[in-house]
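A quick write-up on the structure given underneath.
The values are calculated or read from the model by the stated rules, or taken from the named source; none is laboratory data. The model shown is predicted, which means the values in this text are computed figures rather than measured ones. Note that each Cβ is placed from the backbone with ideal geometry, even for glycine, and that neighbours are counted across all protein chains shown.
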């Protein structure tokens, strides 16, 4: 036992603490290599069946109290003929997670892969594991599997698959108005989707009170998909509908419009709340159809102009992206939001002028319409006023995420 192991952890210097951490990790890796030796011999002897279990994995679950997934992984790694992997584990150069990723990839090699190629890929993955986390090994492993899958196919079949990629997307509407969807993408589209999702699904930075982003990974992915759909909907290449792009016809009673309550019928959306209506209409050409109690049309308003391309360019230069506090989304992920809503039923709506516009991404746009936040322009800079539950004084916040490095 070294001196560092005898001294309480809190008394160690930074150098001793780092050295101790690395040494402990190497010991864990060596111990796991020893564990695989023991598991492999248990499997060869049929010890699990002898002890009344269905097999070695069931025996490990009973005796070691590990999960079925972990037990099966240990048996697979113990029986894999991967000498380079085992040597790296025994020397403490790679850990259990690395071993699991390498075995998972190489165990799926098709029969057409030669022993020499298999050994070369094992060496490559082991070398990568000595300098990268398991997640990187997993990505490279998927690339190897994709290569094997292509190489193992008949060239004619391969080209046919590439010319007719298998993509599926199905959805259904839930009773509360949400959409539930499932689907599969071909590898090329899947990688494209992942490359789009990854930067958009990053957790938000901690807020001014030190609180981390409360959203789960699934919720962040959902917000990222919504942002991608929102961007696609504003693409100039999107097909037009009835000769116009992004036209929405709103049917709402005069009473509900005046009190900003109740629901509206939105062409293409169905029933929505008035607050939803105001948000959806921020970047859309809207035709409001106001009805009286008997269903008679009181007013069929003309389409309202949205921000022009030149105004959008000016906003991109002024705001540099989303103006929401701490948001780093760039201009292309944003829409111009009217500071004074142009759908105000109690007076003339706000004009589509630069002094009444500010850029917001899809997620931050929800905060302005449903979260109690307000936007204002002060001295040429957009500021956000938080809701009273967050800051009773409602002190204005300027987004500094787009500021150049100093």
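Some notes on this structure:
- Hey, residue 190 surrounded by 10 or more Cβ atoms within 10 Å (Cβ to Cβ), within 30 Å of residue 327 (Cβ to Cβ) and at pLDDT below 85 or not: yes
- Residue check, residue 43 surrounded by fewer than 13 Cβ atoms within 10 Å (Cβ to Cβ) and over 33 Å from the mean Cα position of the chain (by Cα): no
- The set of residues in the stretch 193-210 being part of a loop (DSSP other than H, G, I, E, B) and either at pLDDT 85 or above or surrounded by 10 or more Cβ atoms within 10 Å (Cβ to Cβ) (or both) consists of 201, 202, 203, 204, 205, 206, 207, 208.
- Scanning the stretch 371-406 for residues that are part of a strand (DSSP E or B) and surrounded by 10 or more Cβ atoms within 10 Å (Cβ to Cβ) yields 374, 375, 376, 377, 381, 382, 383, 384, 385, 397.
- Members of the stretch 107-126 that are assigned to a helix (DSSP H, G or I) and within 22 Å of residue 60 (Cα to Cα): none
Every residue, every condition in (1) surrounded by fewer than 17 Cβ atoms within 10 Å (Cβ to Cβ); (2) over 16 Å from residue 33 (Cα atoms), yes or no:
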{"site": "63", "(1), (2)": "yes, yes"}
{"site": "100", "(1), (2)": "no, no"}
{"site": "112", "(1), (2)": "yes, yes"}
{"site": "128", "(1), (2)": "no, yes"}
{"site": "131", "(1), (2)": "yes, yes"}
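- Verdict on residue 302 being surrounded by fewer than 14 Cβ atoms within 10 Å (Cβ to Cβ), more than 26 Å from the chain's Cα centre (by Cα) and modelled with pLDDT under 85: yes
- Residue in the stretch 179-197 that is closer than 25 Å to residue 384 by Cβ and without any contact (Cβ under 8 Å) to a residue 12 or more places away in the chain present: no
- Matching residues, the stretch 159-174, being part of a helix (DSSP H, G or I) and either at pLDDT 55 or above or under 17 Å from residue 189 (Cβ atoms) (or both): 160, 161, 162, 163
- Candidates 85, 89, 128, 62 - the one that is more than 20 Å from residue 25 (Cβ to Cβ) and either assigned by TED's automatic domain parsing to the domain that holds residue 28 or under 30 Å from the mean Cα position of the chain (by Cα) (or both): 62
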